[in-house]
1. Solvent-accessible area per residue for the chain at a 1.4 Å probe radius, Å²?
2. For segment 134-244, rounded, prolate or oblate, judged on the Cα gyration tensor with a ≥ b ≥ c (square roots of eigenvalues), a/c < 1.5 rounded, else prolate if a/b > b/c?
3. What is the sum of charges, Lys and Arg at +1 and Asp and Glu at -1, for the other residues whose Cβ falls under 11 Å from the Cβ of Ala249?
4. Find the relative contact order for the chain and round it to a whole percent, using C-alpha pairs within less than 8 Å whose residues are 6+ positions apart.
5. Rounded to a whole number, what % of the accessible area of segment 34-98 do carbon and sulfur atoms account for, probe 1.4 Å?
6. Roughly speaking, what is the stretch gain from Glu217 to Leu193, that is 0.36 nm per residue apart minus the C-alpha to C-alpha distance, in nm to one decimal?
7. Between Asp224 and Ser84, what FRET efficiency comes out of the Förster formula 1/(1 + (r/R0)^6) with R0 = 45 Å and r the beta carbon distance, rounded to 0.05?
8. Could you work out the longest stretch of the chain that avoids the trypsin sites (Lys or Arg not before Pro) located in DSSP loops with at most 11 other Cβ atoms within 10 Å?
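The values are calculated or read from the model by the stated rules, or taken from the named source; none is laboratory data. Here the structure is a predicted model, which is why all the values come from computation and not from measurement. Cβ placement follows ideal geometry from the backbone for every residue including glycine, while neighbour counts extend to all protein chains displayed. The protein model used for the area step is the full one, side chains on, heavy atoms only, and it has no ligands, DNA or RNA in it. Shrake-Rupley method; radii C 1.70, N 1.55, O 1.52, S 1.80 Å.
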Amino acid sequence: MSITGTTVTHHQRWIELEGADNTRDLGGLPAGGGRTRFGRLLRAGTLQDLTTADVTHLTEALGVRTVVDLRLADEAAREGSALSGIPAVRYFSLPLSSTGKIRPDIVADGAEMNIVGHYIALLEGSATNIVTAARIFADDLRTPAIFHCAAGKDRTGVLAAVVLDAVGVGREAIIADYALTGQRMKQISTRLLRLATYRDMQALSRGIKGAATAEEESMAAFLDELHGRYGSGAGYLTAHGMTGVELGALRRALVKF
């Protein structure tokens with residue numbers, strides 16, 4: 001399957017690692033007459049189970065210089081990261097949390113999760129850290145960068161959508177990228193349910209819609225909200241302090257024309 005408007009296939013973007021199930025390159029996506037650059041920005045789920053070979057592949061073969069961890073501070077402290085403490089890699093803790101309350105990536109129960117409402121709450125509750133992440137991605141000295149949460153779907157998906165939209169990636173490509181996580185949800189759930197922080201999350205174990213799925217309509221609705229509130233991802237970033245010069249640097253860093 002190929003993303004509309006480009007011949008780059010999904011399988012070319014997956015990065016296969018033994019200790020992580022949802023890692024892919026955000027390169028090759030159509031963006032306003034150009035394409036996003038390969039080898040600049042990677043998205044992922046939890047990285048705590050990476051093997052030595054995985055770490056070597058990311059840091060040496062792919063040249064990862066920066067990790068942006070979107071997990072809550074106590075969540076990250078409990079579960080750890082295989083890429084923290086490596087001298088050649090800078091580690092940034094930039095948690096995304098909902099407006100008015102701190103809650104993890106996946107809620108515990110309910111027949112169906114209001115995932116779009118959750119994404120909006122993350123968007124409105126985490127503006128400072130989203131802008132900080134975008135500034136990191138704009139800095140050529142800090143890329144290639146990898147950003148992640150637990151599943152690599154919700155907090156990671158919100159940040160990916162904002163940044164990709166801000167640099168001109170088309171709506172269909174953003175939605176298709178988000179939905180790719182659905183191909184790996186079984187493996188993602190199996191891994192997370194082995195870990196102390198996530199093992200009691202019923203939404204994950206029961207496969208609750210929204211929490212344990214990655215449906216195109218969820219991201220489509222989120223993008224509608226993003227555009228309705230801010231006009232675009234770029235509008236969101238500038239509304240929360242990113243300058244036009246910084247936004248231009250982000251586009252140059254991530255898009256090749």
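1. Values: 10170 Å² over 257 residues.
Per-residue accessible area for the chain comes out at 40 Å².
2. Numbers: a/c = 2.31, a/b = 1.61, b/c = 1.43.
Judged from the Cα gyration tensor, segment 134-244 comes out prolate (a/c at least 1.5, a/b above b/c).
3. Details: positive: Arg135, Arg251, Arg252; negative: Asp139, Asp140, Glu246.
My count for the surroundings of Ala249 gives 0.
4. Working: 484 pairs, mean separation 63.3, N = 257.
RCO, the chain: 25 percent.
5. Details: 1360 of 2640 Å².
Heavy-atom surface of segment 34-98 belonging to carbon and sulfur, 1.4 Å probe: 52 percent.
6. Details: separation 24, 0.36 × 24 = 8.64 nm, distance 2.59 nm.
Gain on stretching Glu217 to Leu193: 6.1 nm.
7. On the way: r = 36 Å, r/R0 = 0.80.
The pair Ser84/Asp224 has a calculated efficiency of 0.80.
8. 1-100
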